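Presented below is the structure to which this report refers.
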Amino acid sequence: MTKYIILFVGFLVSFASLSNAKLQTFTGTYAGVIADLGSTGITVDDTKTTPDTRYKLTGSTYNIGAIAGIGRAWQRFYLGFEAGVGYNGGNIKKNEAKLSQGFNFDIATRIGRPVHDAAIMPYLRFALTYQTMTFSTTSDYNFYTYGFQPGLGVEFIVDPTWRVRAEAAYNIGIHSTNLPAQYKIKSKPSSFVGRIGVTRKLSK
């Protein structure tokens, strides 16, 4: 019994110290790693055939990457900016068609609200994205797409240096280019994304 009381008291002391440090921990520069799992879809028409052959591809993809950013927390408000780079793997296949994803980049802003007396911060994230992809039928065609990604997440302080985050987002492709003229993208690449990440504070 005494052991559990000591552990409980130790937890309270640690949590109190952590709560007092939360704003300082959310403030400053940071870097970390992220992992995504997404459900991606795209529709492409082959206009060389009569009638047009339509390829509708949906499936799961994953992404691993790195992020770096800077932010500032006030008593009830957080504002931050970050950039990320990653590699999106996994192939989506249907009959003879296949969609493969490659490197991706994004820049984002985060707006959050640190919760009073708790080492937690819900936030909104809005990113501009760039994604390289390969569409394959009888040959491989590399192309890229621009888009934006709104998301909702929550970040937790592990200690005054480390933080973890969980996030749900929707990636919307708004412009794709570099495919041969015979292929018309009817539904641009889009995906629901679930993300987890770990970041380390680097400076104030």
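The values are calculated or read from the model by the stated rules, or taken from the named source; none is laboratory data. For clarity, every value in this text was computed on a predicted model and none was experimentally measured. SASA here: full protein model, heavy atoms, side chains in, ligands and nucleic acids out. Shrake-Rupley method; radii C 1.70, N 1.55, O 1.52, S 1.80 Å.
Structural descriptor for the range 107-201: relative contact order 23 percent, calculated from alpha carbon pairs under 8 angstrom and at least 6 residues apart. Taking 16 Å as the straight-line reach from the Cα of K98, the aspartates and glutamates in range (excluding those fewer than 8 positions away in the same chain) are D45, D46, D140.
The share of accessible area on the chain that comes from carbon and sulfur is 64 percent, using a 1.4 angstrom probe. With contacts taken as Cα pairs under 8 Å and at least 6 residues apart, the chain reaches a relative contact order of 23 percent. Helix 2-20 axis versus longest C-alpha principal axis of the chain: approximately 70°, rounded to the nearest ten. With contacts taken as Cα pairs under 8 Å and at least 6 residues apart, the range 54-137 reaches a relative contact order of 28 percent.
Accessible surface computed residue by residue for the range 25-173, with neighbouring protein chains in place and a 1.4 Å probe, gives 48 Å² per residue. With contributions of -39500 (n - 2.57) from each DSSP H run of at least four residues, the per-residue ellipticity at 222 nm computed over the chain stands at -3500 deg cm²/dmol.
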